[in-house]
Each structure stands twice: as C-alpha cells, then as structure tokens.
Amino acid sequence: MTTLSIVLSDSLAKASQEVAASLGISRTQFIRQAIAHELENFQIQLEQKAIVKSFSAMKKNKRYLKETK
C-alpha cells in the first residue's frame, strides 16, 4: 500500500468524518471508497464516450449502413 498525505478544508474534513462515523467506518476507509467510486465512474464515462464514438462512426459508414438495411 501507498501512504498519501492530503489537505482538506475544515468543512470537508468535518463532513467526511461525520459521514464515515455514520457508516461505521474510518474516515480513511471512507476516502478510499470515495476514490474507488470516482475512478469507477470515470471508467464508465470513458466507455460510454467510446460507445458513442463507435455508433457515430457506424452511422457514417456507408458499408455498414448498406449491410443493416
């Protein structure tokens, strides 16, 4: 594992501590989960953009359009 040091605003530190406590986990675990969640969302967005790009390319491909008729 890698140790990171981050600086949070007082309000973000307090809010993250409160939410972590309400979930019954440490703030460190809460922050790990938040980062993992954001990374997953980012990957999903990349995949969605790739799908849109593929569909856009298919709409412009005359051979594909001919085959789908």
Packing-based ranking, highest mean first, of 43-49, 18-24 given that Cβ atoms within 10 Å are counted: 18-24, 43-49
Pair residue 3, residue 58: separation of 7 Å Cα→Cβ label points (nm): 5.1 nm
CD proxy at 222 nm, helix term only [per DSSP H run n ≥ 4: -39500 (n - 2.57); per residue of the chain; nearest 500]: -26500 deg cm²/dmol
Quarter of the Cα convex hull surface for the chain, i.e. its orientation-mean projected area (nm²): 8.4 nm²
Charge dipole (debye, nearest 20) of the chain; +1 at Cβ of Lys and Arg, -1 at Cβ of Asp and Glu: 880 debye
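Every number here is computed from the coordinates shown, using simple stated rules; none is lab data. None of the values given here were measured: they were computed from a predicted structure. Here Cβ is always computed from backbone atoms with ideal geometry, including for glycine, and neighbour counts include all displayed protein chains.
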